[in-house]
Structure formats: structure tokens, C-alpha cells
Amino acid sequence: MAGFSQNVTDDLFDSIIMADDRFHLDGYREGFEEGAQQGLIEGRNHGMLHGARLSAEVSFYHGFALTWKFILQNTEDVKARKRLKAVETLDAMIQKFPYEDPQNEKLQEHMERVRAKFRQVCSLLSVAADFREYMSGSEGMSF
Amino acid sequence: MMFLMRTWMNSAFQTKNGGAVWKSELRDGTGMDNVVFYQDGFRDGIDAGKEASLQQGFNLGYREGAVKMKAIGQFKGIVSALRSWCQSQPSISSEPITQLLQKVEKHEEGIFEAMRKAQELPSSSVSELVGEMDDLGVDQSDRGGSDCCRNDEGSECCRKGQSDRCGCDEDISESSAGTHTESLFVKDESLEQLLHRCMELVTEMGLPEELRLHIQQLRSTCI
């Protein structure tokens with residue numbers, strides 16, 4: 001009798017413990033689903049601005065370099081050769097730029113190199129590199 | 001800080017489960033109220049779910065943002081280079097190209113502004129946005145609203161489902177932000193028109209044909 005009573009108590013206790021687990025697990029599953037959706041949305045919104053800023057900046061340098069390349073290729077000026085070489089180097093650096101991968105470890109390093117080359121190109125072309133809005137806009141590229 | 005987090009979690013919980021209904025559902029055979037267990041689990045789950053998907057969402061958005069700005073960014077670089085070249089040519093007025101640059105900058109800023117507005121959307125619209133995310137890559141012309149806009153000069157520009165390819169005629173599709181975006185661009189010239197103007201200026205200034213062709217190529221990616 002005592003054994004039976006003990007069993008009932010154990011079963012009841014187990015069912016309470018199991019109920020804890022079951023309801024906690026049910027809640028966890030639903031919460032996980034909701035959290036995963038929220039994470040995707042929040043991550044996407046943040047990522048979009050980062051990707052957009054970085055792409056706008058790199059694409060800007062690309063358009064700038066390409067235009068000067070076309071102009072300098074058709075110029076007979078003495079300085080043109082040196083300038084053209086610098087512009088072509090900038091263009092080549094941008095071609096290799098890891099646009100698509102925000103988690104690329106060398107992204108920041110690439111960016112700094114492209115910026116430095118751009119400043120050098122501007123100096124060679126005697127153009128004021130007053131495009132400062134870019135220089136501070138691409139920090140923290142991933143979480 | 002903790003209080004804010006808790007309040008936010010509660011609201012998220014209620015968004016999903018709506019008060020009285022779930023309370024009665026969570027009573028088991030013993031008559032015990034299991035709301036607390038469920039709610040604790042839900043909160044733990046939200047945290048874990050968010051953590052698991054944030055980077056994935058970031059990567060997804062990052063690539064989308066990068067694609068959207070590619071054409072306008074490159075175009076701005078082209079026009080900036082043209083302006084700097086003009087300034088080194090005493091015989092050529094840099095005024096028309098400066099005006100064009102201002103319009104291009106305004107266009108670019110409009111795209112960023114639409115993205116920022118999308119980011120500021122309240123969290124209550126999460127499920128709507130999730131729906132939109134499932135539709136990524138779907139032809140934007142199915143989303144309702146007019147596909148045509150009229151600018152100041154009265155000419156029409158029509159979007160032909162090209163929006164997600166390069167951010168031309170800006171179309172950030174994030175739900176209600178689209179409404180703001182549309183009104184932002186009604187008054188402005190489209191990117192296609194600005195590119196056309198740039199090609200005219202390149203010809204007028206006697207610059208290389210290759211450059212004009214490159215701009216034409218950029219324009220063709222936007223149509």
C-alpha cells in the first residue's frame with residue numbers, strides 16, 4: 001500500500017516535472033521561431049545599410065577610375081602615363097574587391113587599401129579628394 | 001535596460017499568442033497553470049532564435065544593399081570624375097556637370113533615406129516583413145501601385161520589374177517604406193534620364209566614345 005502510494009506520488013511528481021519541460025519546450029519552440037524571424041528582419045535591415053554604404057563607396061571609386069582611364073588613354077600628355085598607371089591599379093584593386101562577403105576577414109583591409117589608392121590617384125590628378133562622407137561610413141561590417 | 005528587454009519580450013509574446021486564449025490552452029490535466037513555463041520557454045526561444053538568425057539576415061541584407069547601390073555609386077563616380085576633368089579645362093564650363101552631380105547625389109540620398117525608413121519600421125509589422133522576405137526575388141510589378149511616374153518635365157518613366165537588379169528608379173520594397181519611396185521620386189528625374197543626360201554631356205565635351213558606351217552599358221542594366 002505504501003509502495004502504491006509512493007508510486008502515485010512519483011508519477012504525479014514526474015508528470016509535473018514533465019509538464020514543466022513540455023510547456024517550456026513548447027514555448028521555446030514557438031519563441032525560437034518568432035525570434036528567428038525577428039533576427040532575420042533586424043539583421044537584414046542593418047546589413048542592407050552596411051552593404052549599401054560599402055557598395056556605394058567602392059562603386060564610386062570604380063566609376064571615378066574608369067572615367068579617368070578612358071580620358072587618360074586618349075591623352076598624349078607627359079604626365080598621363082603615370083596617372084593612367086595609378087588609375088588602372090585602382091581599377092584592378094576594385095575588380096578584386098570581396099563585395100559579396102560581409103564576413104570576409106580582409107574586407108576592412110581591402111577597403112583601407114582602396115581608399116589609400118584613391119587618395120593617391122586624386123593627388124596625381126591634382127583633384128581635391130573632398131569625398132569625406134565616404135571615409136567614415138563603413139565601420140563595423142558584421143555583428 | 002533589463003526592464004526594457006523584459007517589456008519588449010512580453011510584447012513579442014503577446015503579439016504571437018494574444019492574451020486570454022493561450023492561458024486556457026496551457027492548463028494541463030492536473031489543473032496546473034503552465035503559463036509560466038511556456039512563457040519562460042518562449043523568452044529563451046526568442047533569444048536563441050534571434051541569435052541564430054541575425055548574421056544570416058545581416059548577410060542577406062548586405063548583399064541586397066550592395067546590389068542596389070552598385071549602379072548609382074558608379075554613376076556618381078563617373079560624374080564626379082567628369083566634373084574634376086571639366087574643372088581642369090578652362091575652355092569648358094563645369095556648370096552642367098555640377099548640376100548633374102547634384103541630381104545624382106540627391107538620387108543616391110533618396111535611396112539611402114528609403115532604406116533608413118524601412119529600418120525604422122515598428123516591430124509590430126514583423127510578420128508582414130517576413131511575408132515580404134519570403135517573396136524576395138519576386139517581380140516587383142506584382143506589388144501594386146503604379147509602375148509609371150511622371151517627372152517635372154512631363155515625360156514618363158516606367159519601371160519594368162528591374163528594380164531589384166541595380167537600384168535604378170529606386171524601389172526599396174520593404175513594405176510601407178515603398179509608399180514614402182514612391183512619393184520621394186515622383187518629382188525627381190529617373191536614374192535612366194540622368195544617365196542619358198550624362199551621355200549627352202560626354203558627347204558635347206568631345207570625350208572618348210568608350211566612355212559614352214560604358215555609360216550606355218550602365219544604363220542598359222537599369223532597363
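The values are calculated or read from the model by the stated rules, or taken from the named source; none is laboratory data. These numbers were taken from a predicted model, which means no experiment stands behind them. Positions of Cβ are generated from backbone atoms using ideal geometry, with glycine treated the same way; all protein chains shown enter the neighbour counts. For the accessible areas, the whole protein counts, side chains as well, though only heavy atoms, and no ligand, DNA or RNA atoms are used. Shrake-Rupley method; radii C 1.70, N 1.55, O 1.52, S 1.80 Å.
The number of residues in the range A:69-115 that are assigned to a helix (DSSP H, G or I) and open to solvent by less than 50 Å² (accessible area, probe 1.4 Å) comes to 19. When you scan the range B:61-71, do you find a residue that is more than 7 Å from chain A (Cβ to nearest Cβ) and closer than 20 Å to A:R115 by Cα, even just one? Yes, because at least one residue in the range B:61-71 is more than 7 Å from chain A (Cβ to nearest Cβ) and closer than 20 Å to A:R115 by Cα. State whether one or more residues within the range B:106-129 are modelled with pLDDT of 95 or more, in contact with a Ser or Thr (Cβ under 7 Å, 6 or more places away or on another chain) and more than 28 Å from A:Q103 (Cβ to Cβ). No, there is no match, as no residue in the range B:106-129 is modelled with pLDDT of 95 or more, in contact with a Ser or Thr (Cβ under 7 Å, 6 or more places away or on another chain) and more than 28 Å from A:Q103 (Cβ to Cβ).
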